[in-house]
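What follows is a single structure, written as C-alpha cells, with notes after it.
The values are calculated or read from the model by the stated rules, or taken from the named source; none is laboratory data. These numbers come from a predicted model, not from an experiment. For neighbour counting, all protein chains shown are included, and Cβ atoms are generated from backbone atoms with ideal geometry for every residue, glycine included. Each accessible area value is taken on the protein alone, full model and side chains, heavy atoms only, with ligands, DNA and RNA left out. Shrake-Rupley method; radii C 1.70, N 1.55, O 1.52, S 1.80 Å.
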Amino acid sequence: MKLTKFLPILAAATALPGMVLAQDSAPVAGIDASSDSIFILNSLLFLVGGFLVFWMAAGFAMLEAGLVRSKNVTMQLTKNVALFSLAAIFYYLIGYNLMYPLGNWMMGTDETGGYLGAFGPAILEAVGVSREAADDYGYASTGSDFFFQLMFCATTASIVSGTLAERIKLWPFLIFTIVLTAVIYPIQASWKWGGGFLDSQYGFLDFAGSTVVHSVGGWAALAGAILLGPRIGKYKDGRVHPYPGSNLALATLGTFILWLGWFGFNGGSQLAMGTVGDVADVSRIFANTNTAAAGGAIAALILTQVMYGKVDLTMVLNGALAGLVSITAEPLTPSLGGATLIGAVGGVIVVFAVPMLDKLKIDDVVGAIPVHLCAGIWGTLAVLLTNDDATLMGQLIPIIIVGVFVFVISFVLWFILKATMGIRVDAEAEINGLDVHELGIEAYPEFHKG
C-alpha cells in the first residue's frame, strides 16, 4: 500500500488540535513507505520515548535522595516508587479517559488498535476518511500511546515529591498523588492535548509540556509547601539556615539521568517517525534539548561564581534541569544558538528564584518550584521568540488558566488532607528523621552505629 494514498490522514494527525504536541512536517517527495512500516516506526518512537521518560523516575529518585539529609533518604525513595506505581494504575483507570475523551482505553473503544485510539475518530472526521481505511492504514498502536502519555503524567507527580521532602507524611502525600494523576493533570492536559479550548480557542503552543507538565507539578508543589510550612530551623532569627544534601554524587547522577530521559520527553513528542521529515525533526529536537541543558548549567555555574565567589554545584544541577524545562515548550524551531540562550535564561532564573523563595519562607528542599514552575513559565513564553504561530495572549492566558486551576484545586485538596489526616509529621519525627519514624528503615544505617 502506498503512503501517498493516506497522506491526508498523516497531515491531520500532526495538525489536529487533539493531537498537536509536535510541529507539522511537510511530506517528502518520493517517499514510498508501507503502512506497516509507518505504524511500526511511529509506535517505536512512542515506546522508546516512553521508556526514556520512565528512566526519569530513577533520575528524580536519585536527585531527591542526594539533596535530602541522610535521615530522610529512604522516605524519598519510597515515595518515588509509590507515586510512579499509583500514577500507572490511576491514569489507566481514570486519567487517560479524562485526558482524551475521544478515546477510551479502559473500555476498549479502539478494538483494532490500528490507529491512535485517543485521536482516531477526530482524525477521520477531519479528513473524511472511512473508519475501515484508517484501520487498514494504521498510525501507531494505542498501547504505545497510552504508555507514552502515562510517563508524562507520572513525571508531574515526581516534581511534587522533592519540594515537600523531610516533613510530609507518606499517606497524605500518596492520596494527593492519586488525585493529581487521576484528575488534576489529565483535565488540564485535555485542554491542550485532548482537543480542548486552550488549543482551539487560544492557539496555545506547548510542544512537550513546559506548562502542561512541568508548571503543573510546580503549582501543585507550591500549594503544598505553603500549607505544609518550612522545615524546623530552616528560617530562624531572620536568617536562612541551609541543610546540605546527603550525597551530591547521587544528585549529580540523578541530573544526568533526567538529562538523558529528556531526549525521550521532547523527542518522542514529535509523535511521528514515519517520514524523513519527522526523523529530521526528532534529530533537531535532540540537539536543541541537549544544548539548552548545557546553557542552563553554564549560566548557573558562572552566575554563582560571580554572586557568591564560589560555584554552587546544586545550582548548576538545577540550572541544567531548568534549561531542559525551558526548551520543552518548543524544542524544534529554535536554532542551536537560540536553544542555548533559552536554556541559559532558565539557569539564571533558578539562581535568583531559589533565594526569592527563601525570602518568602517557602521551603523547597530540591528547588523544584524554580526549576519546573518558574522555568516552565519562561519556556512557554519563549515560544514567542522562535515560532511565528505563537501569540502573546495565546501563550500567557493559558499559563494563567492552568496555574489558577492547578493551584486552587491543589490548595483545597492539601487543606482537606491537613484538616482530616494531617499532612506533617510531629517535631520529634522530623528531628529524628522520617526514615526511622515513618518506615523503620535507614538508608545509611552504618552511619548511626556507635
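Between their Cα atoms, which of Lys79/Lys310; Lys192/Lys234; Lys192/Lys359; Lys79/Lys361; Lys192/Lys361; Lys310/Lys418 are more than 30 Å away from each other? Walk me through the intermediate numbers first.
On the way: Lys79/Lys310 33 Å; Lys192/Lys234 39 Å; Lys192/Lys359 34 Å; Lys79/Lys361 24 Å; Lys192/Lys361 33 Å; Lys310/Lys418 40 Å.
Result: Lys79/Lys310; Lys192/Lys234; Lys192/Lys359; Lys192/Lys361; Lys310/Lys418 exceed 30 Å.
Using a 1.4 Å probe on the protein heavy atoms, what percent of the accessible area of the range 180-281 belongs to carbon and sulfur?
On the way: 2020 of 3080 Å².
For the range 180-281, the apolar C and S fraction of the accessible surface comes to 66 percent.
Let me check the size of the range 250-310 from its C-alpha atoms; what are the radius of gyration and Dmax in Å?
That works out to 15.3, 51 Å for Rg and Dmax.
Under a plain spin-label model, where a point goes 7 Å from the Cα along Cα-to-Cβ, how far apart in nm are Val276 and Ser85?
My value for the distance between the label points is 4.9 nm.
In whole Å, what is the distance between the alpha-carbon centres of the range 372-443 and the range 278-323?
22
For Arg424, what residues show an amide H to amide H distance below 5 Å, using hydrogens built from the backbone and excluding near sequence neighbours?
Those lying under 5 Å, H to H, from Arg424 are Lys169.
Would you mind calculating the relative contact order of the range 216-319 from Cα pairs under 8 angstrom and at least 6 residues apart, reporting the percent as a whole number?
Details: 57 pairs, mean separation 19.0, N = 104.
RCO, the range 216-319: 18 percent.
Would the range 282-423 count as rounded, prolate or oblate if I go by the C-alpha gyration tensor, calling it rounded below 1.5 in a/c and otherwise prolate when a/b exceeds b/c, oblate otherwise?
Note, shape of the range 282-423 comes out oblate.
In what sequence, largest accessible area first, do Val383, Val316 appear using a 1.4 Å probe? Could the numbers behind the result be given before it?
Values: Val383 0, Val316 25 Å².
Greatest to least solvent exposure: Val316, Val383.
Treat every Asp and Glu Cβ in the range 139-292 as -1 and every Lys and Arg Cβ as +1, leave all other atoms uncharged, and give the resulting dipole magnitude about the Cα centre to the nearest 20 debye. It would help to have the intermediate numbers written out before the result.
Numbers: 8 positive and 7 negative charges, 150 e Å.
Magnitude of the dipole: close to 720 debye.
Compare Lys79, Lys310 by solvent-accessible area with a 1.4 Å probe and give them largest first, with all protein chains kept in place.
Numbers: Lys79 0, Lys310 155 Å².
From most accessible down to least: Lys310, Lys79.
How much length, in nm to one decimal, is gained on full extension between Ile416 and Ile226, taken as 0.36 nm per residue of separation minus their Cα-Cα distance? Don't jump to the answer; show the numbers that get you there.
Numbers: separation 190, 0.36 × 190 = 68.40 nm, distance 1.39 nm.
Full-extension gain reported as 67.0 nm.
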